[in-house]
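Have a look at the structure below before the remarks.
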Amino acid sequence: MHKEILKAIKSYDNIVIARHVGVDPDAMASQIGLKKAIELTFKDKNVYVIGNGSVKFNFMGTLDKGIDFNQIDNILLIVVDTPDKRRVDMEELTHYEYSIKIDHHPFIEKFCDIEHIEDSKSSASEVIYDLIKEMKLELNKEICEILFAGIVADTNRFLFNNSGADTFKIISEMISKYDIDITKVYLNLYKRPFIEVKFFGFMASNIDKTPNGVGVIKIDKNTIDEYKVDPATGGNLINEFNNIEEFLIWMSATEDVKNKVIRVSVRSRGPVINKLLEKYGGGGHALASGVKLPSFEEVDKLIQDLDILCKEYKESSDNNENY
């Protein structure tokens with residue numbers, strides 16, 4: 001399929017790269033990494049990356065703002081790291097001639113002319129790296145460090161089981177051929193302002209547990225205001241709770257007053273959660289998913305369903321560990 005994608009890239013002078021709402025490092029890295037590879041290879045193309053960003057990811061590059069796409073014709077849209085159309089963050093783009101999806105999530109719906117999905121890959125950044133190589137686009141140290149950051153984030157520093165042999169082959173090549181600075185990337189990804197560390201302390205002190213092993217942290221507007229953090233922070237920090245022995249599933253639910261939703265991030269060490277989250281209007285990976293809910297009452301319903309999921313998982317014949 002890389003030949004069809006390369007043909008489309010060559011055919012359009014104006015390329016817009018979008019990704020899902022609620023930017024995370026992998027989404028941002030796959031956007032910026034692909035943009036820079038196209039620009040490095042084809043000097044005469046206009047490549048834009050769009051969506052609402054986060055200042056903490058600016059070390060990868062910046063998003064394009066203030067572009068009037070209504071004045072631009074012959075646009076190729078590339079959507080990365082997004083399985084369904086409703087989650088694409090592209091309010092500023094209303095028209096395009098052709099579209100390509102590049103993703104690593106399980107298939108939900110077809111909404112692009114070309115759909116390149118590799119749901120066995122660790123991250124969208126890994127898929128992008130492979131495509132860049134297959135299409136023989138230019139690579140350099142900067143691009144590799146950006147894509148490395150995306151891979152590291154989506155594998156939680158290779159702690160998740162989505163890291164395969166191919167993932168480590170890519171990292172080895174990035175180190176040996178492009179001399180990436182791993183220390184610099186890790187510092188940019190994981191350095192935290194002091195107030196965020198204190199906020200993590202609040203989360204650790206207030207996490208609760210359901211009877212069957214769901215760890216739950218509820219974060220309301222007053223707490224967000226007290227610690228002066230972004231509503232996305234709870235979801236960004238939820239991976240830090242993956243080593244708690246008593247949890248099979250753990251989640252954060254954060255009130256986002258501006259957008260009038262409760263932002264929920266869920267992780268699992270066994271029970272498949274994405275199908276359940278899809279019933280609530282969210283989704284994601286088998287062991288890492290999210291959803292935006294209208295109220296904490298709806299969050300409580302989800303918690304009950306997750307608790308039942310844990311119970312069923314523990315009672316199944318293949319999962320007889322003591323929790």
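The values are calculated or read from the model by the stated rules, or taken from the named source; none is laboratory data. These figures come from a predicted structure and were not determined experimentally. A quick note on method: Cβ atoms are made from the backbone with ideal geometry, for glycine too, and the neighbour counts reach across all protein chains shown.
Test of understanding: among Thr94, Thr82, Thr41, which residue is closer than 30 Å to Ile262 by Cα, of a type in the set (S, T, N, Q), in the same structural domain as Ala124 (by TED's automatic domain parsing) and surrounded by fewer than 22 Cβ atoms within 10 Å (Cβ to Cβ)?
Thr94
I need the full set of residues from the range 232-244 which are surrounded by 17 or more Cβ atoms within 10 Å (Cβ to Cβ), free of Cβ contacts under 8 Å to residues at least 60 places away in the same chain and either farther than 18 Å from Ser289 by Cβ or polar (S, T, N, Q) (or both), in order please.
Hit for the range 232-244 is Thr233, nothing else.
Tell me, yes or no, whether the range 153-176 has at least one residue that is of a type in the set (Val, Ile, Thr), surrounded by 15 or more Cβ atoms within 10 Å (Cβ to Cβ), modelled with pLDDT of 95 or more and more than 15 Å from Ser122 (Cα to Cα).
We begin by selecting, within the range 153-176, every residue of a type in the set (Val, Ile, Thr); these are 155, 167, 170-171, 175.
Among the residues that remain, those that are also surrounded by 15 or more Cβ atoms within 10 Å (Cβ to Cβ) are: 155, 167, 170-171.
Keeping just the survivors that are modelled with pLDDT of 95 or more gives 167, 170-171.
This time we only want the ones that are more than 15 Å from Ser122 (Cα to Cα), so: none.
Scanning the range 153-176, I find no residue that is of a type in the set (Val, Ile, Thr), surrounded by 15 or more Cβ atoms within 10 Å (Cβ to Cβ), modelled with pLDDT of 95 or more and more than 15 Å from Ser122 (Cα to Cα), so the answer is no.
Quick check: anything in the range 200-209 under 21 Å from the mean Cα position of the chain (by Cα), in a helix (DSSP H, G or I) and in the same structural domain as Lys35 (by TED's automatic domain parsing)?
No, the range 200-209 contains no residue that is under 21 Å from the mean Cα position of the chain (by Cα), in a helix (DSSP H, G or I) and in the same structural domain as Lys35 (by TED's automatic domain parsing).
Would you mind stating whether Ser125 is outside any loop (DSSP other than H, G, I, E, B), at pLDDT 95 or above, more than 30 Å from Ile171 (Cβ to Cβ) and of a type in the set (Ser, Thr, Tyr)?
Here the answer is no, as Ser125 does not meet what is asked.
Residue by residue through the range 5-44, note down the ones that are touching a residue at least 40 places away in the same chain (Cβ under 8 Å), of a type in the set (Lys, Arg) and not in a helix (DSSP H, G or I).
The answer is Arg19, and nothing else.
Would you pick out the residues in the range 59-112 that are of a type in the set (D, E, K, R) and without any contact (Cβ under 8 Å) to a residue 40 or more places away in the chain?
Asp64, Lys65, Asp68, Lys85, Arg86, Glu91, Lys101, Asp103, Glu109, Lys110
Confirm whether Val47 is crowded, with 17+ Cβ neighbours inside 10 Å, in contact with a helix residue (DSSP H, G or I) (Cβ under 8 Å, 6 or more places away or on another chain) and assigned to a loop (DSSP other than H, G, I, E, B).
Taking the combined requirement at face value, the residue does not satisfy it.
Scan the range 44-73 for residues that are more than 23 Å from Asp24 (Cβ to Cβ) and basic (Lys, Arg) and report the count.
The number of residues fulfilling the criteria is 1.
Just one of Arg263, Arg267 is buried (at least 19 other Cβ atoms within 10 Å of the Cβ), out of contact with any Asp or Glu (no Cβ under 6 Å at 6 or more places or on another chain), within 24 Å of Leu309 (Cα to Cα) and charged (D, E, K, R); which is it?
Just a single option satisfies the conditions, and that option is Arg267.
Just checking, how many residues over the range 169-195 are farther than 28 Å from Asp230 by Cβ and assigned to a helix (DSSP H, G or I)?
Number satisfying all stated conditions: 10.
Hey, does the range 103-113 have a residue that's in contact with a Ser or Thr (Cβ under 9 Å, 6 or more places away or on another chain), outside the structural domain of Gly284 (by TED's automatic domain parsing), under 14 Å from Leu147 (Cβ atoms) and surrounded by 17 or more Cβ atoms within 10 Å (Cβ to Cβ)?
yes
For the range 218-233, name all the residues that are modelled with pLDDT under 95 and in a helix (DSSP H, G or I).
Within the range 218-233, Thr233 is the sole residue that qualifies.
Would you check which residues across the range 80-101 are over 13 Å from the mean Cα position of the chain (by Cα) and over 20 Å from Leu277 (Cα atoms) and list them? Lay out the reasoning, then the answer.
Filtering the range 80-101 for residues over 13 Å from the mean Cα position of the chain (by Cα) gives 84-86, 90-101.
Answer for the range 80-101, where residues must be over 13 Å from the mean Cα position of the chain (by Cα) and over 20 Å from Leu277 (Cα atoms): Met90, Glu91, Glu92, Leu93, Thr94, His95, Tyr96, Glu97, Tyr98, Ser99, Ile100, Lys101.
For the range 149-169: of the residues being free of Cβ contacts under 8 Å to residues at least 40 places away in the same chain and of a type in the set (Phe, Trp, Tyr), which is nearest to Asn242 (Cα to Cα)?
Among those that are free of Cβ contacts under 8 Å to residues at least 40 places away in the same chain and of a type in the set (Phe, Trp, Tyr), it is Phe158.
What number goes with the only condition from (1) within 30 Å of Gly61 (Cβ to Cβ); (2) aliphatic (A, V, I, L, M); (3) outside any loop (DSSP other than H, G, I, E, B) that Leu159 does not pass?
Failed condition: (3).
Based on this model, can you work out whether Glu255 counts as surrounded by fewer than 16 Cβ atoms within 10 Å (Cβ to Cβ) and either more than 21 Å from the chain's Cα centre (by Cα) or assigned by TED's automatic domain parsing to the domain that holds Ala204 (or both)?
For Glu255, the condition - surrounded by fewer than 16 Cβ atoms within 10 Å (Cβ to Cβ) and either more than 21 Å from the chain's Cα centre (by Cα) or assigned by TED's automatic domain parsing to the domain that holds Ala204 (or both) - is not met.
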